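Please read the structure below before turning to the comments.
The values are calculated or read from the model by the stated rules, or taken from the named source; none is laboratory data. Everything numeric here is computed off the predicted structure, so don't read it as measured data. Here the Cβ is made from the backbone with ideal geometry for all residues, glycine too, and neighbour counts use every protein chain on show.
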Amino acid sequence: MLAQQKRRANRLNSIKNGIEGGTIKEFEQMFAIITETRMSMEMGISFAAFRKKWQDPTDFTVKEIMRFAALFGVKYNTMSDFLIHKVKAKSKSSVFRD
């Protein structure tokens, strides 16, 4: 059990470092470290709901963003910036363009 907890902590830390360092820019990069199924379980969201939300990040609630931040050990603003970048990248609206 201890080895399993250590692997989990290492995976979460890898994602934290990637988000903070800017090397993780896509959810798919996270899923290479932690599966989509495991991430949905960690977040306490059903797999179907989680998949819908990461495909359209505007569906994440503030509470879910807070859970993401706590899970990865990053600041709320870091996680919200990551998701805002995802929204801007997918949006065709000039409202979301810099």
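To keep it simple, each residue is scored yes or no on (1) under 14 Å from Phe72 (Cβ atoms); (2) surrounded by 12 or more Cβ atoms within 10 Å (Cβ to Cβ).
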residue: Arg7; (1), (2): no, no
residue: Asn10; (1), (2): yes, no
residue: Ile15; (1), (2): yes, yes
residue: Thr23; (1), (2): yes, no
residue: Glu26; (1), (2): no, yes
residue: Ile33; (1), (2): yes, yes
residue: Arg38; (1), (2): yes, yes
residue: Gly44; (1), (2): no, no
residue: Arg51; (1), (2): no, yes
(Q) Consider segment 22-80. How many of its residues are farther than 20 Å from Arg11 by Cα, in a helix (DSSP H, G or I) and either free of Cβ contacts under 8 Å to residues at least 12 places away in the same chain or aromatic (Phe, Trp, Tyr) (or both)? (A) 9
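Could you go through segment 85-94 and let me know if any residue there is among the polar types (S, T, N, Q), modelled with pLDDT of 90 or more and part of a helix (DSSP H, G or I).
no
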Q) Quick one: Lys75 ticks every box in (1) among the charged types (D, E, K, R); (2) crowded, with 18+ Cβ neighbours inside 10 Å; (3) at pLDDT 95 or above bar one, so which box is it? A) (2)
